Structures are given as C-alpha cells and as structure tokens.
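Structure first, commentary second.
The values are calculated or read from the model by the stated rules, or taken from the named source; none is laboratory data. Remember, it's a predicted structure, so these values are computed and weren't measured experimentally. Cβ sites come from the backbone with ideal geometry, for glycine too, and all protein chains shown count toward neighbours.
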Amino acid sequence: MLRTVLIFLTSAFLLAAGGCKSDSKDQQNAGAEVDPELGRLNALLVQDPNNDSLLYRRAEVYYNLDGFDEALHDLNAAIKIDSLHPQYYHLLADVYLDYARPNDSKRAIDVLLTAAYKFPGRIPTLLKLSEFQLIVRQHDDALATLDKILQKDPQNAEAFFMAGRVALDTGDTTRAIAALQKSVQYDADNSDAWRFLGRIFSNRNNPVAIQYFDNALRVDSNDLESREYKGAFYKRRGEFDRAFEVYRDIVVRNPDYSNAYFDMGMIYLEMDSLQKAYDHFDLAIKTDPLFVMAYYYRGHTSELEGNIDAAKADYQQASGMAPNYAEPRAALERLK
C-alpha cells in the first residue's frame, strides 16, 4: 500500500509540472539577462534537452531568482528522466516550501517522504525530512524520523541537534538541553547547537550562557548572531559596559548590522541618554529602512525630547508598516 501511495505521489509531482509555466524563449531570454549562468544553461539545454543534471542546475538558478514555476518544471522533468538523485528531491521540496502556495508545505513533505522511501538509508535525506517536519510543526513525525537516524548512527550529532530544536519548539527546555549537549559532545564544532544552548541559559539568566556563546564564536568568529545574543545577555543583566563592547565589536565587523545599533539605542534610552538613543535608532533605520520597532522607538525618543511632530511622523511610519503593532497606534492616540 505504501509503495502504491508513493508511486502515486511521484506521478502527481510529474503531472503538476504541466500546470507550471513553461520556460518559453521570452522567459529564458529575460532570465538570461538577469543571470549569465541561466543563459549558458539555456544554450546547453537546446543542444541536450534531456540532460537531467543540466535541468537540475538550471532549476537551482531559477530557484535562487525566485522563479519557482520554472524551477518546478525543470525538477519534475529531471526526476522523470532519472529519479535516482536525492538532491533533485531535496531542491524540489525547497521550492515548494518557499513558493508557499496553499498546500505547498504538504507537497514539500510528500516529496521528502518519497525520497526517504527511495533512499531509506540516506541520513541527509532523513535529516532534511525531520527539519521540514519541524517547520510544519509535525513534532511526533520529526522525532520518529530522527529515531530512524539514531538507530542507524547512535552518535549522529545533527540528529541530536534536530531533536533539541524539536524539544525547544514544544517548550521542553530540559529535553532540549539534553539533546543539544549530546550534539556538541559528538561534534564540538556545531556552532548552532552551542548558540541554542546559550540562548536557553540566557533566558534562565544563567552566566554559563556566555561560555556557550563563546564556544559558538570559537567555531566561527564571524558569527554575529551569537555576538548579538551575548550582548543581549549582558544588557539584560545591566552590565551595560560589557554589552556596549560586544555591540561595538559587531558594527566594526559589519557596519550594516542594524540590530546592534537598535540594542545600543535601547540601552541609551534606559540610561536616559536621549540624544544618543535617538542617534542609534536612526542608525538602525538607515541600515534597515524596514526596521519597524526602530521607527517606533525613534519616535518615542523624539516624544521624550518634546519633538512631537517628529514623534508623530515615526509613529505613523511604524503603524503604516505594521498595522497590528499596537504601541505606535496607542502613541498616536495619546498625542491626539
């Protein structure tokens, strides 16, 4: 029965290609102007239209250009020609998930279930399936998939990492810590696991969080996300000098890292250094013009300084960009 269902699913994917936009000459030429690699692949496929590896490569390019219909068309064609390449299914699942039409997340899962059936011993495919099951919040299914991996490889660090993420998503931080610690036990260079551990202990206001963030940075010194969490931990504990040191290090490494400017602005606001707070919220907006909270807090700072017109302008901007954001709406009502 399972085999029949999976064969049906594969057939459905191939039939779905007929409903996608075909890569007409106009589409190919337009895409080639955007990406020279696409033009090169188009020319090669004119000479060899049934080359599945070229179709797969072109699907990658289309996917990176958000050409989801074209990517689906090429991937289904590639799988029809040769269905024994797991990476074809992986990319097909990515396309469905990012396309995000109704039922596309289910289609993505079904693609990976098909791949897991066709390549039952392939751990990267099972890991990807578990990740997608986590994304769509199929927690029990994700754990069942991870159990299959651990039966094959009891010391698989990535499987323990995924198990930790599933536990976190269900709110079970105790199980998450156990799984993540297993992950770094078997792979001390898993910076993501170190970072997740740091975040858990940071939320518990436990100083061991710093050790975990430092371990993540030992693996990848350019990991600005871990640096940001480290700064946020110091900020939460009122250790502002240490927090500023971390945030300034971040913007030296990446002058466009808007969150660091915002976080520094929040510290200056707490210290009643209004002009410095305003300047840093302003920098956050200049480096990220879509930073809604930065508009709100720049407006809040302007209001505290008595500049009501500037405050209203920022509150209106924040409210217009995020209609469900209550604070700027309430501020505008107050200023009326």
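Scanning the range 195-223 for residues that are more than 23 Å from Ala178 (Cβ to Cβ) and either surrounded by fewer than 18 Cβ atoms within 10 Å (Cβ to Cβ) or in contact with a Pro (Cβ under 7 Å, 6 or more places away or on another chain) (or both) turns up Asp220, Ser221, Asn222. Step by step: first the residues of the range 77-91, then only those that are in a helix (DSSP H, G or I) and more than 17 Å from Ile109 (Cβ to Cβ), then the one that is nearest to the chain's Cα centre (by Cα). Which residue is that? Restricting to residues being in a helix (DSSP H, G or I) and more than 17 Å from Ile109 (Cβ to Cβ), the top hit is Gln87. One residue stands out among those in the range 166-188 that are surrounded by fewer than 23 Cβ atoms within 10 Å (Cβ to Cβ) and under 20 Å from the mean Cα position of the chain (by Cα): the one that is nearest to Ile135 (Cα to Cα), which is Asp169.
Is at least one residue of the range 218-225 small (Gly, Ala, Ser) and in contact (Cβ under 8 Å) with a residue 24 or more places away in the chain? No, the range 218-225 contains no residue that is small (Gly, Ala, Ser) and in contact (Cβ under 8 Å) with a residue 24 or more places away in the chain. A residue that is closer than 30 Å to Pro120 by Cα, assigned to a helix (DSSP H, G or I), modelled with pLDDT of 95 or more and over 25 Å from the mean Cα position of the chain (by Cα) cannot be found anywhere in the range 2-18. Considering (1) within 24 Å of Asn206 (Cα to Cα); (2) surrounded by fewer than 23 Cβ atoms within 10 Å (Cβ to Cβ); (3) not acidic (Asp, Glu), the lone condition that Arg122 does not fulfil carries the number (1). Being buried (at least 22 other Cβ atoms within 10 Å of the Cβ), in contact with a Ser or Thr (Cβ under 8 Å, 6 or more places away or on another chain) and farther than 30 Å from Lys336 by Cβ holds for only one residue in Phe233, Phe281, and it is Phe233.
With a requirement of 3 or more residues that are under 20 Å from Tyr257 (Cβ atoms), the helices (runs of 4 or more DSSP H) lying completely within the range 283-336 that satisfy it span 292-304.
Considering Tyr234, Tyr212, the condition of being on the phi < 0 side of the Ramachandran plot, of a type outside the set (A, V, I, L, M, F, W, C) and in contact with a Gly (Cβ under 6 Å, 6 or more places away or on another chain) is satisfied by Tyr212 alone.
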